[in-house]
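A short write-up of the structure that comes next.
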Amino acid sequence: MTAHVTTWPRTSAPWIVGRPARFSDAAEDFINELTRQEPWRKVRSEAWLEALGDALGDPVLGAAFPEAGAKVWLASLPDDEQAGGRALLEDFETHLRGWGWLAR
């Protein structure tokens, strides 16, 4: 006799139910996915996203990524960290759009 395994389809909807999705919720989801795929990036990425969330004030996510605040945060990084910060922002925004964190 063979065991039957049920696989649930993966959804791209945020797990937040009954309240608006906040930046911190999406950042945690992104870090969890990043850790699963590229664990060596966790510590630095987590620190950057925490600093960005503090700079933005943990906004509710709407239809657009908070570009203006992200640019100010990026400019505040030391010159040698800006390329890494920029890459993180691009990856994070891609994640937000791909997994339905930003309203369509």
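The values are calculated or read from the model by the stated rules, or taken from the named source; none is laboratory data. All of these numbers come straight from a predicted model, not from anything done at the bench. Here Cβ is always computed from backbone atoms with ideal geometry, including for glycine, and neighbour counts include all displayed protein chains. Accessible surface areas use protein heavy atoms only, side chains included; no ligands, DNA or RNA. Shrake-Rupley method; radii C 1.70, N 1.55, O 1.52, S 1.80 Å.
Rounded to the nearest Hz, the phi-derived 3J(HN,Hα) couplings of region 19-35 under the Karplus curve 6.51 cos²θ - 1.76 cosθ + 1.60 (θ = phi - 60°) are 7, x, 6, 9, 3, 4, 5, 5, 5, 4, 4, 4, 4, 4, 5, 4, 4, where x marks glycine and proline.
Annotation: extensible slack from residue 55 through residue 87 equals 9.7 nm (criterion: 0.36 nm per residue apart, minus Cα-Cα distance). Surface composition of region 23-99: carbon and sulfur atoms hold 54% of the protein heavy-atom accessible area at a 1.4 Å probe. With K and R counted +1 and D and E -1, the other residues having a Cβ less than 9 Å from that of residue 101 yield a net charge of -1.
Let me make sure I get this right: for region 38-80, a, b and c are the square roots of the gyration tensor eigenvalues over alpha carbons, sorted descending. Under 1.5 in a/c it's rounded, otherwise prolate if a/b > b/c, else oblate. Which is it?
oblate
Backbone amide hydrogens, once placed in the peptide plane, bring residue 22 within less than 5 Å of 61, excluding anything fewer than 5 places away on its chain.
Protein heavy-atom accessible surface, 1.4 Å probe, per residue over region 23-99: 55 Å².
Here the gap between residue 103 and residue 38, fully extended at 0.36 nm per residue and compared with their Cα-Cα distance, gives a gain of 20.7 nm.
Kindly identify region 23-99 as rounded, prolate or oblate by the Cα gyration tensor criterion: order the square roots of the eigenvalues as a ≥ b ≥ c, call it rounded if a/c is under 1.5, otherwise compare a/b with b/c, prolate if a/b is larger, else oblate. Verdict is oblate for region 23-99.
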